[in-house]
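Chemist: Below: one structure in structure tokens.
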Amino acid sequence: MPADRVGLLIIRAWVEAGSASPLRAQLRWTTDVGRGLENSITFVDVETVQSAVAEWLHEVLAAGESQGEGDAVTPQ
Amino acid sequence: MASRMHTERPESQFPVTALGSDFRRESPHPPPAGMGVCLLDGFQLASANGRIAVPGSGERLLALLSLTDRAMRRAEVAGTLWPDASESRAFGSLRSAVSRLGEAGRDALRADAVDLALAPGVSVDLRGARALALRLLGAEPRESDLSGDVVAVLSRDLLPGWYDDWVLIEAEDWRQLRLHALEALARHLCEAGRFGEAALAARASVRSEPLRESAHATLISVHLAEGNQWEATCQLDRLRSLLREELGVEPSGRVLALFTPAETVTPR
């Protein structure tokens, strides 16, 4: 039985005091933890981080659905 | 081979209960000399005779026990390492992991009917590295702590490429500690007039997290302390370019405040 794919997203956030945009949110993510964290990007505003997380969740969903189609048993 | 920090642990006596083939009888002998678990820059189990190969399940078991630094109930170990399995399957996986450690691998383990722990006398590199980092952040580090060799220890990540929950938290905790410690090391070396080594430590912090402004500020401070205004200005320019390109922001006032107008040298 094939193992389910697991996505992983890590957000490392800190504050740079004295900056006009003090938030630093570094995102590292993958839709398949077996392949390691493949992507990384840093944002400075909350809304962009939220959008990126939503986009990643959609990618995880799409990857899971396409895996499910590939695992479907073909009727004989 | 990377140098390892060894910590001495007192030998302890534990009651022996042998129940089934997965339980190891308590050996009257301590583990082989120099046996240690390395967690920085990847997992490794070794003794004075060299590296001891263990399967992946054994690596995860020994890594968990090394990180927790206490005896763990078998149920807790099984639940942590196999969180998605049923209790019976998790216990079965744990028994298998213990038995597959092999004779040499099991020397690193102390097992009884209820608990598992790292065997007394087995060193863990992370413990020494953490103690070093905390001394650097304290008031009086040891003279031996103020060394360029220490930069290598503080540049290593905990179990890179491991994504278990119990690893991620510890890894992030160590990462923050070592970044602060590298900056503290740079400051101590700078105060001692050892500018070359101070710059080495500060650059290691910058490399570990290029978007961390305090790391750049530390390096700039070292250059300024040595009287190298040009180097300091170049470093500021690198930071400015990086922040503009990656984030679309300018350096914080904290970094800019390091420079007086007279210290700012315009690049040609």
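Chemist: Based on this model, can you work out whether B:Arg203 counts as over 28 Å from A:Ala20 (Cβ atoms) and crowded, with 18+ Cβ neighbours inside 10 Å?
Modeler: no
Chemist: Being under 27 Å from B:Arg194 (Cα atoms), at the interface with chain A (Cβ under 10 Å from one of its Cβ atoms) and either under 28 Å from the mean Cα position of the chain (by Cα) or at pLDDT below 95 (or both) is true for just one of B:Leu256, B:Leu239, B:Leu219. Which residue is that? Give the derivation first.
Modeler: Details: B:Leu239 fails: at the interface with chain A (Cβ under 10 Å from one of its Cβ atoms); B:Leu219 fails: at the interface with chain A (Cβ under 10 Å from one of its Cβ atoms).
From the options B:Leu256, B:Leu239, B:Leu219, the qualifying one is B:Leu256.
Chemist: Quick one: which of B:Ser47, B:Ser93 is among the hydroxyl-bearing types (Ser, Thr, Tyr) and at pLDDT below 95?
Modeler: Answer to the selection: B:Ser47.
Chemist: Let me ask something else. Considering only region A:17-40, how many residues are at pLDDT 95 or above and either aliphatic (A, V, I, L, M) or touching a Pro at 6+ places or on another chain (Cβ under 8 Å) (or both)?
Modeler: 3
Chemist: Follow-up. Could you check, for region B:179-197, whether at least one of its residues is within 22 Å of B:Val37 (Cβ to Cβ), of a type in the set (A, V, I, L, M) and under 11 Å from the mean Cα position of the chain (by Cα)?
Modeler: No, every residue in region B:179-197 fails to be within 22 Å of B:Val37 (Cβ to Cβ), of a type in the set (A, V, I, L, M) and under 11 Å from the mean Cα position of the chain (by Cα).
Yes/no matrix, rows are residues, columns are (1) more than 21 Å from B:Leu65 (Cβ to Cβ); (2) among the β-branched types (Val, Ile, Thr); (3) within 14 Å of chain A (Cβ to nearest Cβ):
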| residue | (1), (2), (3) |
| --- | --- |
| B:Glu140 | yes, no, no |
| B:Glu143 | yes, no, no |
| B:Val151 | yes, yes, no |
| B:Glu172 | no, no, yes |
| B:Leu179 | yes, no, yes |
| B:Ala192 | yes, no, no |
| B:Ala198 | yes, no, no |
| B:Ala201 | yes, no, no |
| B:Arg207 | yes, no, no |
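Chemist: Ok, one more. Farther than 30 Å from B:Glu191 by Cα and buried (at least 19 other Cβ atoms within 10 Å of the Cβ): does that describe B:Gly79?
Modeler: No: the conditions fail for B:Gly79.
Chemist: Same structure again: Any idea which of B:Asp107, B:Asp84, B:Asp41, B:Asp112 is surrounded by 21 or more Cβ atoms within 10 Å (Cβ to Cβ) and either charged (D, E, K, R) or at pLDDT below 95 (or both)?
Modeler: Numbers: B:Asp84 fails: surrounded by 21 or more Cβ atoms within 10 Å (Cβ to Cβ); B:Asp41 fails: surrounded by 21 or more Cβ atoms within 10 Å (Cβ to Cβ); B:Asp112 fails: surrounded by 21 or more Cβ atoms within 10 Å (Cβ to Cβ).
One residue alone meets the criteria, B:Asp107.
Chemist: Go through (1) more than 14 Å from chain A (Cβ to nearest Cβ); (2) under 28 Å from B:Ile52 (Cβ atoms) for B:Pro83 and report which single condition fails.
Modeler: Among (1) more than 14 Å from chain A (Cβ to nearest Cβ); (2) under 28 Å from B:Ile52 (Cβ atoms), the lone unmet condition for B:Pro83 is (1).
Chemist: While we're on this one: Checking B:Asp164 against (1) at the interface with another protein chain (Cβ under 10 Å from one of its Cβ atoms); (2) free of Cβ contacts under 8 Å to residues at least 60 places away in the same chain, only one condition comes out false. Which one?
Modeler: It is condition (2) that B:Asp164 fails.
Chemist: Of all residues in region A:8-46, which are in a loop (DSSP other than H, G, I, E, B), surrounded by 16 or more Cβ atoms within 10 Å (Cβ to Cβ) and either away from every other protein chain (no Cβ under 11 Å) or of a type in the set (D, E, K, R) (or both)?
Modeler: Those that are in a loop (DSSP other than H, G, I, E, B), surrounded by 16 or more Cβ atoms within 10 Å (Cβ to Cβ) and either away from every other protein chain (no Cβ under 11 Å) or of a type in the set (D, E, K, R) (or both): A:Glu16, A:Thr31.
The values are calculated or read from the model by the stated rules, or taken from the named source; none is laboratory data. These numbers were taken from a predicted model, which means no experiment stands behind them. Quick reminder, even Gly has a Cβ in these numbers, built from the backbone with ideal geometry, and neighbours come from all protein chains shown.
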